[in-house]
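First up is the structure itself, then whatever we jot down about it.
Laboratory data are not the source of any read-out in this text; all were calculated from the coordinates shown. Fair warning: this is a prediction, and the values are worked out from it, not measured in the lab. Counting neighbours? That spans all protein chains shown, and the Cβs are built from the backbone with ideal geometry, glycine included.
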Amino acid sequence: MINSKVGDTVLRDMCGVKMVLEVSVVEGDVVSCGPWTFHRITGGEIDEDLGWDGITLYGSFIVD
């Protein structure tokens, strides 16, 4: 579970490539970091265009 709040930094991992992101919005089960959106429980990226729901299918994830 991602417990970060707005202004905190998280680490995004996509196939081993890591990127530091700042949390911009936390709302319900969604954490947004600029243009990226993640599921707060799993940390998985949500991208409707790619069919990623952040739970069963995702291409990157965040950890705090």
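Values as computed for the structure displayed
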item	result
Of G28, V17, L50, farthest towards positive along the dipole that unit charges on Lys, Arg, Asp, Glu beta carbons give the chain	V17
Electrostatic dipole magnitude of the stretch 9-63 [Cβ: Lys, Arg +1; Asp, Glu -1; Cα centre; debye, to 20]	260 debye
Whole-Hz couplings from phi, Karplus 6.51/-1.76/1.60, listed for the stretch 28-42; x for Gly and Pro	x, 9, 10, 10, 10, 10, x, x, 9, 10, 9, 7, 5, 6, 8
Overall Cα dimensions of the chain - principal axes, largest extent first, Å	27, 26, 20
